[in-house]
Structure formats: C-alpha cells, structure tokens
1. Quick one: compute the contact order of the chain, relative version, from alpha carbon pairs under 8 angstrom and 6+ residues apart, as a percent.
2. Using only the heavy atoms of the protein chains and a 1.4 Å probe, how would M243, M40 rank by accessible area, largest first?
3. Run the count for the chain, please: Lys pairs, Cα-Cα under 29 angstrom, 8 or more apart or on different chains.
4. How high is the FRET efficiency from C239 to L150, r the C-beta distance, R0 35 Å, rounded to 0.05?
5. What's the local net charge at R43, with K and R +1, D and E -1, over the other residues with C-beta under 10 Å away?
6. Treat each spin label as a single point 7 Å out from the Cα along the C-beta direction, and report the I50 to D222 distance in nm.
7. Based on the Cβ-Cβ distance of E212 and S78, what FRET efficiency does E = 1/(1 + (r/R0)^6) give at R0 = 41 Å, to the nearest 0.05?
8. For segment 28-255, rounded, prolate or oblate, judged on the Cα gyration tensor with a ≥ b ≥ c (square roots of eigenvalues), a/c < 1.5 rounded, else prolate if a/b > b/c?
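The values are calculated or read from the model by the stated rules, or taken from the named source; none is laboratory data. If you're wondering where the values come from, they're calculated on a predicted model, not measured in any experiment. Cβ placement follows ideal geometry from the backbone for every residue including glycine, while neighbour counts extend to all protein chains displayed. Ligands, DNA and RNA are excluded from the accessible area calculation, which covers all protein heavy atoms including side chains. Shrake-Rupley method; radii C 1.70, N 1.55, O 1.52, S 1.80 Å.
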Amino acid sequence: MNKYMGLDRAMFDRYAPRQGRKPLLPELSECAQVALMCRMLFREGWNEHIAGHITYRLPNGNILTNPWELAWDELTASDIVTLDSQGNVIEGDWNVTPAIGLHIQLHALRPDINVVIHNHGQWSGIWANLQRVPAIYDQTGAHCGVELPLYNEYAGTFENQATSLSAAEALGDAKWALLANHGALVVGRDLRQAHLRVVTLEWRCKRAYEVELAGGGVPLADAEVEKVSITDANGFPFCWEAMARRELRADPSITD
Ligand SMILES: [Zn+2]
C-alpha cells in the first residue's frame with residue numbers, strides 16, 4: 001500500500017506538496033493505520049463503549065482487527081490483532097469479538113472491499129432506531145451519494161453465524177447500511193474510502209436530525225448530491241491525513 005492510502009493518483013499528483021515540503025504524515029505501519037482509524041472514528045461518534053470492529057484485509061490475505069477488550073480510544077498499534085482469512089488469530093495478545101464472523105463473511109463475499117467497519121454510532125444509531133433513512137441537507141453529507149439501504153430485520157447480535165451471514169448477504173454490493181435497532185455497517189476498498197464513508201454517514205445523520213428537530217428544511221436534490229459524490233471514488237484529498245494528525249497530536253503513543 002502506498003503512503004497515500006489509495007487516494008486517486010492523478011488527483012494526488014495535481015495537489016501534491018511541492019518538493020521539500022514536509023510530508024502530510026510520518027510513515028505508518030499498517031497496524032498503526034488501523035489504530036489511528038479507531039481513534040478517528042471514536043471521535044466522530046462511533047464510540048459505544050467497547051462495541052465495534054474494524055477489519056482491514058492486507059494484500060497477503062491476512063486481516064488486521066481491533067481487540068475485543070479495548071475501547072477504540074485507548075488502543076495502540078501493538079494492540080492490533082492479525083487474523084488469517086478464516087478469522088483465526090495468528091498474532092496478537094488480545095481476544096477478538098465473536099462477532100468477527102460478519103467481517104470474515106463479508107471479506108469472502110466481497111473481494112472488492114478490504115475494510116469492513118461496524119459500530120453503534122451516535123447519530124447513525126438514531127436513524128437506525130427510527131428505522132428511517134435521513135435526507136441529505138448539505139455538501140458534507142453528500143460525499144458518498146444518495147442511496148443508503150436500511151435493513152429492518154433485527155435478528156440478534158452477530159455472534160450467531162446465520163445472523164451475520166444474512167446481514168452480509170443483505171448488504172449485497174452496497175457501500176454502507178443502517179441496521180435497524182442496531183447500528184451501521186460501512187465497507188470500503190481501503191481505509192481512506194471507508195473513513196470518508198463513516199464520517200459522511202455520521203455527518204448526514206447528525207445534520208438531518210438537527211434540521212428535523214429545528215422544524216425541517218429542504219434536502220439537496222439527488223442530482224446535486226450525485227455531483228458531489230465523485231469524492232467517494234477518488235478519496236477526499238488530505239482529509240484522512242488531517243484527521244490522523246489530530247489523533248497523533250493528542251496522543252503520539254498511538255503508533256507504539
Ligand atoms: Zn453491533
């Protein structure tokens with residue numbers, strides 16, 4: 001993986017820092033990138049106690065994930081656990097959630113996606129519990145397009161293999177989903193794309209909740225949303241790095 005984490009090369013070259021300028025981020029191991037992702041998403045509201053799992057499939061087929069015992073705002077790079085493609089722990093000191101089966105099934109079903117994230121986010125959770133799909137009211141909520149599936153069959157937690165397989169199959173080729181009375185599921189080609197999808201989903205859900213609470217507004221037209229949503233494929237230049245730097249400033253030990 002290159003240091004710019006899947007950002008479209010042409011777009012990156014167009015805005016690349018001039019020679020001699022300092023890099024946007026220090027070199028980061030893959031485990032450090034996953035630890036940073038946990039910290040970044042915790043700050044965005046994906047912070048339900050010790051709930052939530054991120055998996056990141058490496059080119060060799062192994063899968064990195066966060067440990068079960070630790071909250072997303074305390075773990076560091078050395079806490080990240082390595083699994084084989086079947087979900088067996090091959091390196092790491094911690095346990096892995098029994099709900100990891102959902103991720104293993106999704107990685108097997110979707111060769112196009114290397115990152116799977118599930119949690120019970122603050123704002124997406126409201127809409128999941130309302131069993132409604134929020135409208136898009138602004139540009140920031142529009143980065144990943146209009147379509148947002150809602151799966152409204154809550155059949156228990158994901159430790160049950162049949163339950164997790166039905167959720168994985170229901171996702172189909174979607175990039176994200178609200179899970180009724182449960183939480184949200186986001187997938188991506190790489191960490192950068194998955195990060196943009198989570199932050200866009202959470203922003204969209206927060207804004208829609210606030211706008212409706214304030215008496216309602218006028219959603220963006222679908223055609224306008226689709227124009228903005230080219231970002232989803234290309235990656236949002238420099239956003240991942242800026243949010244990663246924020247975490248590294250707050251706690252430089254994340255990379256340990
Ligand atoms: Zn859950």
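1. With pairs under 8 Å counted, the relative contact order is 25 percent.
2. M243, M40
3. So the count of such lysine pairs works out to 6.
4. 0.85
5. Surrounding charge for R43 is -1.
6. 4.4 nm
7. 0.40
8. It comes out prolate by the Cα gyration axes.
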